[in-house]
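Each value in this text was obtained by applying a stated rule to the coordinates, not by laboratory testing. All of these numbers come straight from a predicted model, not from anything done at the bench. No Cβ is skipped: glycine too gets one built from the backbone with ideal geometry, and neighbour counts run over all protein chains shown.
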Amino acid sequence: MPESLEALWPALEEPDTMVYAGGTDVLVRLRSGSGQPQQLICLERLRELQGIEDHGDRVLIKAGTSHARILDDPIIQTRLPVLARAVKSLGSPPIRNMGTIGGNICSASPAGDTLPPLYVLQAEVALRSRTADRRLPIGDFIKGPGQTAIRPDEILTGIWIPKNPEFNRQHYEKVGQRKALAISIVSLAALIELTPAGMIEDIRLAWGSVGPTVVTAPEVEAVLRGRPLRLEVLKEAAEATRRAVSPIDDIRATADYRREVAGNLLYRLSLRVETSPEILPR
Ligand SMILES: Cc1cc2nc3c(=O)[nH]c(=O)nc-3n(C[C@H](O)[C@H](O)[C@H](O)COP(=O)(O)OP(=O)(O)OC[C@H]3O[C@@H](n4cnc5c(N)ncnc54)[C@H](O)[C@@H]3O)c2cc1C
C-alpha cells in the first residue's frame with residue numbers, strides 16, 4: 001500500500017502488477033477467476049488521488065474520490081447535477097463508499113454510470129507516469145468494453161470537468177432491472193440549453209449500455225437543435241436514436257428492448273425538464 005506517488009512508481013514497474021482503488025470491480029473479477037496478477041497495489045492511501053477542487057471554469061475530481069464523497073459535494077450538486085444524479089443511482093451505499101470514480105472509468109464498462117455524464121460534459125482524464133503527465137478526452141480514453149488507453153506504467157490521477165455554463169438543464173436517467181443496486185440496461189445523460197420559450201438552443205446526449213462504449217449521436221442532437229422541446233419533436237429524435245445505437249443481447253435485456261428504451265428515454269426529457277424547473281447558475 002504505497003503512501004506516496006514516489007513509492008508507487010517502483011512497485012508499478014514490477015511485472016504482472018495490477019492497481020486497485022475501492023476494489024469493488026477488481027475483487028469481483030478476481031473471485032470469478034479471470035486473471036490472477038502476481039502483485040496487487042492498493043491506491044487508497046495516496047493523498048494525491050483524493051478530493052474535489054474548484055478551478056473556476058472547471059472542476060477536478062481526483063481519481064480515488066469515492067462516489068459517496070462526490071454525492072456530498074456542493075460543487076457537484078450545484079454545477080454538475082448530471083453527474084450527481086448518475087452517482088446517486090450507482091450501486092448501494094456500501095458500494096458508493098468503497099467504489100471510486102477512477103475505478104468506474106478504468107473499468108470501462110458500457111454500463112458504467114459515470115461515463116455518459118462525463119461524455120456530455122466533455123471531461124478529460126489526467127494520466128501520470130513516473131516521467132510524464134498527459135490528458136485525454138474521455139471518449140479517446142475509453143476504447144471498448146474493459147479497454148482503455150492507459151499504459152502499464154501509468155495511473156489515472158483525476159478527471160477535469162468543464163462547468164459548461166452554456167447549458168442550463170442537466171438530466172440523467174437509468175433503466176435497470178430493479179430500482180436499487182441494478183447495473184443499467186440503458187442510461188441517458190443530457191445537457192440542454194433551453195430558452196424561456198422552450199426552444200432547444202443546444203443539446204448534448206450520451207447513452208450507456210447500448211454499444212461497446214458510450215454512444216453519442218450528433219444526428220439525434222441535430223434533430224432536436226433549434227426546435228421546441230415537445231413530444232412530436234422528441235418522437236422524431238427517438239426514431240433517429242434507435243437507428244444510431246447498436247445494443248447487444250445479454251442476461252439483463254435483449255438488444256430490441258434496449259433499442260426501444262434508448263429512444264423512449266428521450267420522451268422523458270420533456271417531463272423531467274418541466275417538473276424540475278431549476279436553472280443552473282451561469
Ligand atoms: C454489487 C455491485 C454493484 C455495482 N453497481 C454498479 C452500478 O450500479 N453502476 C456502476 O457503474 N457500477 C457498479 N458497480 C461496479 C463498481 O462498483 C464501480 O465500477 C466502481 O466505481 C469501481 O470503483 P473501484 O474503486 O472499486 O474500482 P476497482 O475495483 O478498485 O478498480 C477497477 C478497475 O480500475 C482500475 N483502477 C482503479 N483506480 C485506478 C487508477 N487511479 N488508475 C489506474 N487504474 C485504476 C483497476 O486496475 C481496475 O482495472 C457495482 C459493483 C458491485 C460489486
**Item:** Residues of type aspartates and glutamates that LYS163 reaches as a straight line, Cα spacing below 18 Å, ignoring anything fewer than 8 places off in the same chain
**Value:** GLU53, ASP54, ASP57, ASP72, ASP73, GLU124, GLU193, GLU201, ASP202, GLU278
**Prompt:** Ranked highest first by average number of other Cβ atoms within 10 Å, how do 2-8, 238-244 line up?
**Reply:** 238-244, 2-8
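Test of understanding: what is the full-extension gain from GLU6 to ARG31, defined as 0.36 nm times their sequence separation minus their Cα-Cα distance? Let's see the in-between values first.
Working: separation 25, 0.36 × 25 = 9.00 nm, distance 3.03 nm.
Value of the extension gain: 6.0 nm.
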**Request:** Using the structure shown, list the pairs from LYS62/LYS88; LYS88/LYS143; LYS174/LYS235 with a Cα-Cα distance above 21 Å, or answer none.
**Result:** LYS88/LYS143
**Item:** Inter-probe distance in nm under a simple model that places probes 7 Å from Cα toward Cβ, at HIS55 and LYS143
**Value:** 2.5
**Fill in**
Hits in the range 195-236: amide N under 16 Å from the 7 Å Cα→Cβ extension of SER246, namely 207-219
**Request:** Using R₀ = 25 Å, calculate the FRET efficiency as 1/(1 + (r/R₀)^6) where r is the Cβ-Cβ separation of THR195 and ASN264; round to 0.05.
**Result:** 0.50
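Which helices, taking whole DSSP H runs in the chain, have alpha carbons extending 24 angstrom or more along the helix axis plus mean Kyte-Doolittle at least -1.0? Before the final figure, lay out the partial values.
Values: long enough: 255-275 (30 Å, -0.44).
Going by DSSP H runs, the hits are 255-275.
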**Request:** Mind grabbing the base-10 log of I(q)/I(0) for the chain at q = 0.13 Å⁻¹? Debye formula, identical points on the C-alpha positions, no solvent, two decimal places.
**Result:** -0.87
